[in-house]
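Colleague: Shown below is the structure under consideration.
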Amino acid sequence: MSLFTRAENFSVRDCSFVAGDNNTILIGDAQDAARTGLKLLYQSTSPEASYDAEQRYPPPNCHPGTRTRILELLRQWITDQSKLTSIYWLYGPAGAGKSAIAQTICEEFSTCNGLAASFFFARTDPRRNNLRFFVLTIAYQIAKTLGPFVEGWIGTAIHHSPEIIEATLIKQFQQLIVDPCRRLPSDSWLALPRLIVIDGLDECIDIGSQERLLSILKQLKTSSNPLPIEFLICCRPEPRILHTFNDFDLHTVLDRIELSDNFESDSDIAHYLQDEFQRIRRDHGPAMGHVSQSWPGEDIIQQLVQRACGQFIYAKTVIKYVGDYYCLPTEQLDIILNIAVPDTHESPYPDLDLLYLQILATCREKDLLLDVLVFILWPKEYGLEHSASYSDIELFLFLPKGKLATLLFGLHSVLEIPEDTHSPISIRHASFEDFLVDPKRSDRYFVDINERITLCFLENVHRVINTQYPAIRVALLRSGGLACSHVKSPSEKLLSALERFRVDLRKLSNGSFSDSVLERFLFRGLYPVYVVAQWARDLAKSPKQEVNKVRLQVLAEEFGSILQEWVPVDQCRA
């Protein structure tokens with residue numbers, strides 16, 4: 001429509017008009033002010049967080065023909081004009097494919113005027129691992145996607161109050177998103193993009209900020225005049241996030257769904273692997289000309305699917321490794337299938353390894369964490385009939401009650417941690433266990449099961465013998481010997497612990513000091529001493545242990561001598 005029809009001899013400055021079609025028309029200084037404000041806003045955003053950012057290229061995406069059920073559920077929720085909920089939480093463990101689904105939804109709805117904004121958190125990016133740029137980035141994207149409807153109001157708000165850039169999150173939300181959006185007539189939203197996609201909230205390194213953002217969203221969506229915006233949030237179900245989503249006040253506006261095996265992840269992964277292996281065969285041309293068109297075969301596909309345990313990231317890292325243009329795919333696949341990585345090769349799973357390292361880095365007590373992981377990985381032949389529970393591990397490591405819950409707080413995406421403290425804790429994915437026991441992949445988080453079990457026994461021997469729990473005493477006494485016998489290359493820490501233990505036992509044997517606990521040990525638990533003596537004797541003969549040969553020989557002789565003084569060897573063996 002035309003404004004000021006037939007008007008003559010007047011001027012308008014520094015103001016805006018809203019035409020009958022709700023379009024905002026800025027004139028003169030007001031237009032300049034809005035542009036200045038938007039430029040200032042852009043300087044305080046994180047463009048890298050958008051679904052179409054170059055920094056994220058190539059972004060994770062759903063392979064054609066996969067994730068069809070979950071994508072259709074999300075499409076139905078987004079397009080349903082009569083729905084009562086306005087927040088949808090898609091959750092699942094690490095590597096399950098949540099980011100790929102979020103990316104696919106963003107791309108699909110950006111082409112049909114449905115996506116208002118997106119923000120993809122990333123733990124390693126300082127502009128995407130906190131809330132400093134979150135609201136400002138969302139506000140800028142909304143200004144651009146809604147165009148003249150709210151762009152002028154947002155720009156003008158910042159021009160008049162530039163301090164909003166440094167204001168609290170709730171104030172930024174209110175002045176840059178809520179107020180401009182509420183100035184629009186409610187019926188205009190039927191034709192406007194309303195979806196905001198937030199991916200990887202658990203990647204925000206400040207746990208308190210995760211709760212804070214969800215609390216703000218709850219406040220905005222449960223008020224008497226809720227914001228006409230919908231949120232799709234994709235992240236891991238970390239404890240504080242789960243606790244916030246379980247808030248009673250959110251129930252009326254929240255839908256949620258777990259990305260689990262119910263969505264046929266195994267068949268989707270198989271589909272993806274089959275397509276990608278065929279692409280690799282074609283792309284490598286003559287180098288793969290001798291290979292059958294059915295390569296690598298259904299059996300290999302299913303073997304990889306089983307290893308993936310529902311993790312799309314596992315399948316993607318396999319394809320990335322096998323498809324390296326500078327290597328022969330058949331040889332690369334053999335390395336994957338044989339698990340053991342030659343010393344001359346790098347890890348086949350760099351992306352997966354990085355993911356696991358980032359998750360483990362959230363725990364501040366690394367050494368204690370590694371001891372706990374030992375009990376979760378504890379071999380059955382060492383005396384436990386089932387995986388250890390909260391209670392078991394706290395007893396075995398003599399930890400105060402509640403300590404374990406705080407230690408494992410950020411590891412729910414890789415560990416199955418029940419609410420019941422007497423139920424076993426287990427590894428979620430086989431690939432995580434493979435990672436932990438491979439020193440070339442896990443680096444400082446390598447879990448040397450046998451050495452750590454032996455150290456746990458040696459460092460707690462007084463507590464072990466004195467414990468009021470017979471099952472723990474039996475398990476640790478038995479495992480202390482068995483585990484040590486499987487150590488192929490003892491560390492300095494282990495050798496020193498064995499030498500201290502030998503000195504204490506020798507003093508007791510010579511009557512140099514009285515220790516009722518150790519004395520009870522010599523009657524109750526000589527089996528570990530016998531095993532260690534035999535282990536040290538055999539290992540001293542190995543050419544690989546030339547450096548430690550003398551120390552091992554001394555340990556073997558001393559422990560053997562102690563055994564002969566206290567009990568016949570055949571009784572120890574029994």
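The values are calculated or read from the model by the stated rules, or taken from the named source; none is laboratory data. This structure is a prediction, so every number in the text was calculated from the model and none was measured. Heads up, the Cβs are rebuilt from the backbone with ideal geometry, glycines too, and the neighbour counts pull from every protein chain shown. What goes into the accessible areas is simple: the full protein's heavy atoms, side chains included, and nothing from ligands, DNA or RNA. Shrake-Rupley method; radii C 1.70, N 1.55, O 1.52, S 1.80 Å.
For (1) outside any loop (DSSP other than H, G, I, E, B); (2) under 22 Å from the mean Cα position of the chain (by Cα); (3) within 30 Å of Ser267 (Cβ to Cβ); (4) at pLDDT 95 or above, each residue gets a yes or a no:
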| residue | (1), (2), (3), (4) |
| --- | --- |
| Thr104 | yes, yes, yes, yes |
| Glu107 | yes, no, yes, yes |
| Cys112 | no, no, yes, no |
| Phe119 | yes, yes, no, yes |
| Val135 | yes, no, no, yes |
| His159 | yes, no, no, no |
| Val178 | yes, no, no, no |
| Ile196 | yes, no, no, yes |
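Colleague: Across the stretch 237-247, which residue is nearest to Leu407 (Cα to Cα) among those that are open to solvent by 10 Å² or more (accessible area, probe 1.4 Å), assigned to a helix (DSSP H, G or I) and of a type outside the set (A, V, I, L, M)?
Modeller: Checking each candidate, the answer is Pro239.
Colleague: Against the definition (over 30 Å from Ile205 (Cβ atoms) and open to solvent by less than 30 Å² (accessible area, probe 1.4 Å)), how does Gly147 come out, yes or no?
Modeller: yes
Colleague: Among the residues of the stretch 431-454, write down those that are of a type outside the set (Phe, Trp, Tyr) and in contact with a helix residue (DSSP H, G or I) (Cβ under 6 Å, 6 or more places away or on another chain).
Modeller: Within the stretch 431-454, the first condition is being of a type outside the set (Phe, Trp, Tyr), and the residues that meet it are 431, 433-434, 436-444, 447-454.
Within the stretch 431-454, Ser431, Leu436, Arg441, Ser442, Val447, Ile449, Asn450, Glu451, Arg452, Ile453, Thr454 qualify.
Colleague: Among the residues of the stretch 330-360, which ones are at pLDDT 85 or above and outside any helix (DSSP H, G or I)?
Modeller: If the condition is that a residue be at pLDDT 85 or above and outside any helix (DSSP H, G or I), then no residue fits.
Colleague: Just to check your reading of the model, which residue among Ala533, Ala483 is at pLDDT 60 or above, under 32 Å from the mean Cα position of the chain (by Cα) and within 27 Å of Glu565 (Cβ to Cβ)? Reasoning before the result, please.
Modeller: On the way: Ala533 fails: under 32 Å from the mean Cα position of the chain (by Cα).
Result: Ala483 is the single residue among Ala533, Ala483 that is at pLDDT 60 or above, under 32 Å from the mean Cα position of the chain (by Cα) and within 27 Å of Glu565 (Cβ to Cβ).
Colleague: Kindly indicate the residue of the stretch 441-456 that is under 20 Å from the mean Cα position of the chain (by Cα) and not hydroxyl-bearing (Ser, Thr, Tyr) and also most open to solvent (accessible area, probe 1.4 Å) among those meeting that condition. Don't jump to the end; show me each part of the working.
Modeller: The initial filter retains those residues of the stretch 441-456 that are under 20 Å from the mean Cα position of the chain (by Cα), namely 441-447.
Filter again for not hydroxyl-bearing (Ser, Thr, Tyr), leaving 441, 443-444, 446-447.
Details: Arg441: 20, Asp443: 98, Arg444: 120, Phe446: 60, Val447: 3 Å².
Checking each candidate, the answer is Arg444.
Colleague: Now a separate question. Here is a list of conditions, (1) within 29 Å of Arg127 (Cβ to Cβ); (2) of a type outside the set (S, T, N, Q); (3) not in a loop (DSSP other than H, G, I, E, B), and Pro93 meets all of them except one; can you say which number that is?
Modeller: Among (1) within 29 Å of Arg127 (Cβ to Cβ); (2) of a type outside the set (S, T, N, Q); (3) not in a loop (DSSP other than H, G, I, E, B), the lone unmet condition for Pro93 is (3).
Colleague: From the set of residues in the stretch 548-574 that are among the β-branched types (Val, Ile, Thr) and modelled with pLDDT of 80 or more, which is nearest to Asp504 (Cα to Cα)?
Modeller: Of all residues in the stretch 548-574, those among the β-branched types (Val, Ile, Thr) come to 550, 554, 562, 567, 569.
Filter once more, so that each one left must be modelled with pLDDT of 80 or more: 550, 554.
Working: Val550: 20, Val554: 15 Å.
Filtering first and then ranking leaves Val554.
Colleague: Which of the following residues is aliphatic (A, V, I, L, M) and open to solvent by 60 Å² or more (accessible area, probe 1.4 Å): Leu377, Leu411, Leu369, Leu354? Even if it seems obvious, please write down each step before you answer.
Modeller: Numbers: Leu377 fails: open to solvent by 60 Å² or more (accessible area, probe 1.4 Å); Leu411 fails: open to solvent by 60 Å² or more (accessible area, probe 1.4 Å); Leu369 fails: open to solvent by 60 Å² or more (accessible area, probe 1.4 Å).
None of the others qualify; the one that does is Leu354.
Colleague: Here are some conditions: (1) assigned to a loop (DSSP other than H, G, I, E, B); (2) open to solvent by 50 Å² or more (accessible area, probe 1.4 Å); (3) under 23 Å from Gly95 (Cα atoms). Ser294 meets all but one. Which one does it not meet?
Modeller: (3)
Colleague: Which condition number in (1) farther than 19 Å from Arg182 by Cα; (2) of a type outside the set (A, V, I, L, M, F, W, C); (3) surrounded by 20 or more Cβ atoms within 10 Å (Cβ to Cβ) is the one that Ser110 fails?
Modeller: It fails just one condition, (3).
Colleague: Taking only pairs six or more apart or across chains, which ones have beta-carbon atoms under 8 Å, a first residue in the stretch 213-236 that is open to solvent by less than 10 Å² (accessible area, probe 1.4 Å), and a second residue that is of a type in the set (Ser, Thr, Tyr) and in a loop (DSSP other than H, G, I, E, B)?
Modeller: Ile229/Ser86; Phe231/Ser86
Colleague: Kindly provide the set of residues from the stretch 248-276 that are at pLDDT 90 or above, among the β-branched types (Val, Ile, Thr) and either open to solvent by 60 Å² or more (accessible area, probe 1.4 Å) or within 17 Å of Leu71 (Cβ to Cβ) (or both), ordered by number.
Modeller: Ile257, Ile269
Colleague: Separate question: Go over the candidates Thr45, Thr66, Thr85 one by one and state the one that is touching a helix residue (DSSP H, G or I) at 6+ places or on another chain (Cβ under 8 Å), open to solvent by less than 30 Å² (accessible area, probe 1.4 Å), modelled with pLDDT of 90 or more and within 21 Å of Thr137 (Cβ to Cβ).
Modeller: Numbers: Thr66 fails: within 21 Å of Thr137 (Cβ to Cβ); Thr85 fails: within 21 Å of Thr137 (Cβ to Cβ).
Being touching a helix residue (DSSP H, G or I) at 6+ places or on another chain (Cβ under 8 Å), open to solvent by less than 30 Å² (accessible area, probe 1.4 Å), modelled with pLDDT of 90 or more and within 21 Å of Thr137 (Cβ to Cβ) holds for just one of Thr45, Thr66, Thr85, which is Thr45.
Colleague: Where the second residue is open to solvent by less than 10 Å² (accessible area, probe 1.4 Å) and not in a strand (DSSP E or B) and the first is closer than 18 Å to Tyr51 by Cβ and lies in the stretch 180-199, which pairs have Cβ atoms under 6 Å and are six or more apart or on separate chains?
Modeller: Arg194/Ile229; Ile196/Ile229; Val197/Ala102; Val197/Cys106; Asp199/Ala102
Colleague: Looking at the stretch 414-428, which of its residues are assigned to a loop (DSSP other than H, G, I, E, B) and either open to solvent by less than 20 Å² (accessible area, probe 1.4 Å) or among the charged types (D, E, K, R) (or both)? Lay out the reasoning, then the answer.
Modeller: If we filter the stretch 414-428 for residues that are assigned to a loop (DSSP other than H, G, I, E, B), which is where we start, we get 414, 417-423, 425, 428.
Once the filter is applied, which keeps residues that are assigned to a loop (DSSP other than H, G, I, E, B) and either open to solvent by less than 20 Å² (accessible area, probe 1.4 Å) or among the charged types (D, E, K, R) (or both), the stretch 414-428 yields Val414, Glu419, Asp420, Ile425, Arg428.
Colleague: Take the residues in the stretch 392-407 that are closer than 21 Å to Pro239 by Cα, surrounded by 13 or more Cβ atoms within 10 Å (Cβ to Cβ) and of a type in the set (D, E, K, R); name whichever of them is modelled with the highest pLDDT.
Modeller: Residues of the stretch 392-407 that are closer than 21 Å to Pro239 by Cα, as a first pass: 393-394, 400-407.
Cutting the leftovers down to surrounded by 13 or more Cβ atoms within 10 Å (Cβ to Cβ) gives us 393-394, 403-405, 407.
Next cut, of a type in the set (D, E, K, R) only: 394, 403.
On the way: Glu394: 85, Lys403: 89.
Among those residues, the one meeting the criterion is Lys403.
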